[in-house]
Amino acid sequence: MPFDRDDQGRWQLGREGGHYCARIVHAGGDASGRELVAALARAADGASHIERYEGWMLEALHLDAGAVSGVRLRGCRGQGMREIEASDVVMATGGIGALFAATTNPPGADGAGLALALLAGAAARDLEFVQFHPTALDVPGMSPLPLVTEALRGAGAVLVDEGGARLMPLCIHWRTWHPATLSRAGSGRTSRPVAGPGWTPRC
């Protein structure tokens, strides 16, 4: 994967929230995720044992005597349906973060894959744990919300509530926080805790 490098050929390391030194590699500036998916796609296309179907969504899991025997795919561009036999199916569904009213997760992370797995009899655990990106720009009417990069906190920003009080305690790490404030330009509002005003961060 082509990570960003400086003029001397060294990795351009960035610093993110909670870090006390620059240690994060990036690709294409802030497009690391896109570059990663592109690199994986190139590797899959170059592997003779892999068939990649782009632009298709999982519609159903087929069962035979209680075991998964294949899948049905639906084309996202009007290609119709496609049936594929399979002795094993590994699902990487993207989670359920898009079910929440305020999220940076893409619309496709709506739990549909999880629901299909449960219908097929898959065992589930720890469903109460949902990963969120910790910071987003609160833009009314926009979904998903624009993601606010952790590099801002790495550069010295701190999270504050509408009264200017820090959301995260100083005791998490003495090197983490710096005297800067993360705020939305042109607004008196800065940030709000996900769990409501009664939420108390712990060390």
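Some values worked out for this structure:
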read-out: Pairs of alpha carbons in region 1-96 whose separation is greater than 17 Å (percent); value: 69 percent
read-out: FRET efficiency, residue 162 to residue 44 (Cβ-Cβ, R0 45 Å, nearest 0.05); value: 0.45
read-out: In nm, spacing of pseudo-spin labels at residue 126 and residue 112 (7 Å Cα→C-beta vector); value: 2.6 nm
read-out: Whole-Hz ³J(HN,Hα) from phi, Karplus 6.51 cos²θ - 1.76 cosθ + 1.60, for region 56-67, glycine and proline x; value: 10, 10, 6, 9, 6, 9, 8, 10, 9, 6, x, 10
read-out: Unit Cα scatterers, Debye sum, region 1-52: log10 I(q)/I(0) for q = 0.14, 0.26, 0.31 Å⁻¹; value: -0.48, -0.96, -1.12
read-out: In Hz, Karplus ³J(HN,Hα) per residue of region 14-23 (6.51, -1.76, 1.60; θ = phi - 60°; x = Gly, Pro); value: x, 10, 10, x, x, 9, 9, 8, 6, 8
read-out: Order by protection proxy (mean Cβ within 10 Å, highest first), peptides 107-116, 129-138, 149-158; value: 149-158, 107-116, 129-138
read-out: Distant-in-sequence amide H partners of residue 16 (H built 1.01 Å from N, under 5 Å); value: 23
read-out: Projected label distance in nm at residue 88 and residue 54, using a 7 Å step from Cα toward the beta-carbon; value: 2.7 nm
read-out: Derived scalar couplings ³J(HN,Hα) [region 24-31; Karplus, 6.51 cos²θ - 1.76 cosθ + 1.60; whole Hz; x for Gly, Pro]; value: 9, 8, 10, 9, x, x, 9, 9
read-out: Built amide H within the under 5 Å cut-off of residue 160, gap 5+; value: 167, 182, 191
read-out: Additional length obtainable on full extension of the chain from residue 37 to residue 1, 0.36 nm per residue less Cα span; value: 12.0 nm
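Just so you know, all these numbers are worked out from the coordinates, no wet-lab data involved. All values reported here derive from a predicted model rather than from experimental measurement. Cβ sites come from the backbone with ideal geometry, for glycine too, and all protein chains shown count toward neighbours.
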